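Beneath this line is the structure, given in structure tokens, with notes to follow.
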Amino acid sequence: MTEAALPAPLAAPSVDRERLAAIGFVLPSFVIIAGVFALPLVLLLGVSIVDANGLTLANYKRLLGTPYYLGVVWNSLRLGLLTTLIAFLISYPAAFALARARGPLRSVLLATLFLPLAASVIVKAFAWTILLRSDGIVNETLMALGIIEDPIRMIFTETALIVGAVNIFLPFMILPIYAIVAQLDSRYAEAAATLGASPLVTFVRVILPLTLPGIVAGVALVFSLSVSAYVVPTLLIGEKYPTLATAIAKAYLLAREPGFGAAAGVVLLAIAIAVVTLSARLSREPK
Amino acid sequence: MARAAIAFCWVMAIGLALFLIAPLLVIAAASFSPTPVFDLPLTGASTRWYGKIGRLDGFWPSLLLSLQIALLSTAISLISGTLAAIAIARGKLPGADIFATALVSPLMMPGLVLGIALLQGFRAVGFTAPWATLLVAHLVITLPYVARTMIAGLSRFDFTLIEAARTLGCTYPGSVLRVMVPALAPSFLIAGIFSFLASFDNYPVSIFLADVRTKTLPIRMLQYIEEAPDPTLAALSTLILLGTVILLFVSDRVVGLHRMAGTSD
């Protein structure tokens, strides 16, 4: 009897061949990630520290050493921090209600999360420019209710920027939190109550630690998205509030200063990497 | 006290739902505005803006370009990403964990930074044809969505089922087609939808690779908004939204939306 007569799966392939096949399978993705992602990022770092005369830190000195550009970096961080904080304060309690919802109500609530998520950022930012105009709905409503007498300027203010950013990035906060809260075993809270813990203690010592992975994931996502947002500040506040993202676009598309734009890009990248690393460490900690 | 806390949670959830849906309703309402300014609440209704979408400057080439790039990059990413996910899930790959992290890492990177990095990189090697650079760049935008979804989907797939089918007389391609493809179809669909939308919507990467004649739809739309916003733009946005609603509705029928929220396991 020859080997060929045996059913193929019973002939165990050698470890080497399986490994070779696995490498062949990942090769196309590896080429994409290495060639169109990792290499260009390394090159960007290079562009930021090299000029016609050789190595230089001039771009970083300009970015982190002049008050104007320090303000730009702070604007980015401020946008990220405010958006993340407000999105968290809204999302956290809402996630608990969402986890209790059943049937059609749950479907409707989930749809309100997914629909905006799938709609273009440009479309949503455009909607906020309509909503917040001085003759827009928000002003008209406030005047009709007698809260204000004359329309207040809302578009192109920091309020408009934050409202729009929270609105656009909110789903990225509530979805990871909801995913954890929905799996929360209610018996932990009951056990804590049985053992005499007050609702407040139960929340702080039991619920909050258990939902921490969702919070960390949501905070990291929303912060890294909002700190580098470009469309939202461009449409809702404009030139008045320069951020790292708008400075990068300006350096490349208008001023033709690739070295400086690259430095701003590297700083933004460093912020993103710091957030990812920190959140990975936080969610790996026991408790 | 617990009761008050629950009521508070519900108030926040309802408020959040209204807040999230508000801009979409406003866009839809504004698209039927009878006047060129967005007079809300509406005093009448007009569908004339829908007829004007096709006459927006450069609309058709941009729509075609965005569709081509989104469909092609999604197709290529679905193939290469699924193959990579299979290799990672089977555990025969040295350094699989690191590679899995690397595959999804572009998701956490600021899009604008990726955009300028690619602009520099493509320039350095003399690769400057806008259509081709857009396609290659969008592979990095779509691949992470495919990799993330397929790695998660495959982690629940039992590869011994393929061996079982082969022992029962199936050919190797036959057993993959009959056992693995049906089990992974939901993940495949979700991965495809997410990566298509990610590419179709992308602005921060495309803006650095486009030129005057090659502009994707999001670039064109931002340009319209900055130049002369009128209800035509709201009409266009409404149609895109409607397309998304249909896509989501169909995928909800097929696989269930709660699955996309990551609550199924």
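The values are calculated or read from the model by the stated rules, or taken from the named source; none is laboratory data. Note that the structure is a prediction, hence the values are computed from the model and not measured. Here the Cβ is made from the backbone with ideal geometry for all residues, glycine too, and neighbour counts use every protein chain on show. Please note that ligands, DNA and RNA were not included when accessible areas were found on the heavy atoms of the full protein model with its side chains. Shrake-Rupley method; radii C 1.70, N 1.55, O 1.52, S 1.80 Å.
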Requested in this report: Let me have the 222 nm mean residue ellipticity of chain A computed from DSSP H runs of 4+ only, each contributing -39500 (n - 2.57), with the sum over all residues rounded to the nearest 500.
Outcome: -23500 deg cm²/dmol
Report summary line: the protein assembly as shown accessible area per residue, 1.4 Å probe, protein heavy atoms, integer Å², reads 47
Query - For A:124-135, mean number of other protein chain Cβ atoms within 10 Å - result: 6
Query raised in the report: From the square roots a ≥ b ≥ c of the eigenvalues of the alpha-carbon gyration tensor of chain A, which class results: rounded (a/c under 1.5), prolate (a/b over b/c), or oblate?
Result: oblate
Report task. Excluding residues fewer than 8 places away in the same chain, name every one of the lysines whose C-alpha is closer than 22 Å to that of B:K215. Result -> A:K124, A:K250, B:K52
Query raised in the report: Roughly how many nanometres apart are two label points built 7 Å out from the Cα toward the Cβ at B:A45 and B:V176?
Result: 5.2
Query - Among B:G192, A:T234, B:P182 - extreme Cα towards positive end, dipole of the protein assembly as shown, charges at beta-carbon - result: B:P182
**Report entry** Karplus (6.51, -1.76, 1.60) ³J(HN,Hα), θ = phi - 60°, over region B:204-210, in Hz, Gly and Pro reported as x
**Finding:** x, 8, 4, 4, 7, 10, 6
Query raised in the report: Leaving out same-chain residues fewer than 8 places away, which aspartates and glutamates sit with a Cα under 18 Å from that of B:K92?
Result: A:D16, A:E18, B:D158, B:E163
Query raised in the report: How long is the gain from A:R187 to A:V201 if the chain were fully straight, where each residue apart is worth 0.36 nm and the alpha carbon distance is subtracted?
Result: 3.5 nm
Query - Protection proxy ranking of B:141-152, A:18-29, B:190-201, A:126-137 - average other beta-carbon atoms within 10 Å, highest first - result: B:141-152, B:190-201, A:126-137, A:18-29
Report summary line: Log entry, pair A-B: total buried accessible area, probe 1.4 Å, protein chains only, in Å² rounded to 100, is 7500
Query raised in the report: What's the center-to-center distance, using Cα atoms, between region B:47-92 and region A:127-197 in Å?
Result: 31
Query raised in the report: Which percent of the accessible area of chain A is formed by carbon and sulfur heavy atoms (probe 1.4 angstrom)?
Result: 69
Requested in this report: Could you calculate the FRET efficiency of B:I6 with A:N53 from 1/(1 + (r/R0)^6), where r is the beta carbon distance between them and R0 is 56 Å, rounded to 0.05?
Outcome: 0.25
**Report entry** Dipole magnitude (debye, nearest 20) for the protein assembly as shown, charges at Cβ of Lys, Arg, Asp, Glu
**Finding:** 560
Query raised in the report: Does chain B come out rounded, prolate or oblate, given a ≥ b ≥ c as the square roots of the eigenvalues of its C-alpha gyration tensor, rounded meaning a/c under 1.5 and, failing that, prolate meaning a/b above b/c?
Result: oblate
Report summary line: Per the charge dipole of the protein assembly as shown (beta-carbon charges, Lys/Arg positive, Asp/Glu negative, Cα centre), the residue among A:L113, B:F208, B:T167 reaching farthest to the positive end is B:T167
**Report entry** Restricting region B:161-265 to trypsin sites (Lys or Arg not before Pro) in coil, as DSSP defines it, with at most 13 other Cβ within 10 Å
**Finding:** B:R213
Query raised in the report: Between B:L161 and B:L189, what is the spin-label point distance in nm, taking each point 7 Å from the Cα along the Cα→C-beta axis?
Result: 1.6
Query raised in the report: Near the amide H of A:V50, under 5 Å away, which other amide H atoms are found, from residues 5 or more places off or on another chain, if H is placed in the peptide plane?
Result: A:T56
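Under the definition of Cα pairs under 8 Å and six or more residues apart, what whole-number percent is the relative contact order of chain A?
Relative contact order here is 27 percent.
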**Report entry** Descending semi-axes in whole angstrom, ellipsoid equivalent of the protein assembly as shown, from the Cα gyration tensor
**Finding:** 39, 32, 26
Report task. Give a residue-ordered list of calculated ³J(HN,Hα) values for region B:157-168 (Karplus: 6.51 cos²θ - 1.76 cosθ + 1.60, θ = phi - 60°; whole Hz; x for Gly, Pro). Result -> 8, 8, 5, 5, 4, 5, 4, 4, 5, 6, 4, 7
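With +1 on the Cβ of every Lys and Arg and -1 on the Cβ of every Asp and Glu, and nothing else charged, how large is the dipole of region A:58-284 about its Cα centre, in debye rounded to the nearest 20? Walk me through the intermediate numbers first.
On the way: 16 positive and 9 negative charges, 132 e Å.
Once rounded to the nearest 20, the dipole reads 640 debye.
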Query raised in the report: Expressed in nm to one decimal, what extension gain is obtained for the pair A:D135 and A:R153 from 0.36 nm per residue of sequence separation less their Cα-Cα distance?
Result: 5.5 nm
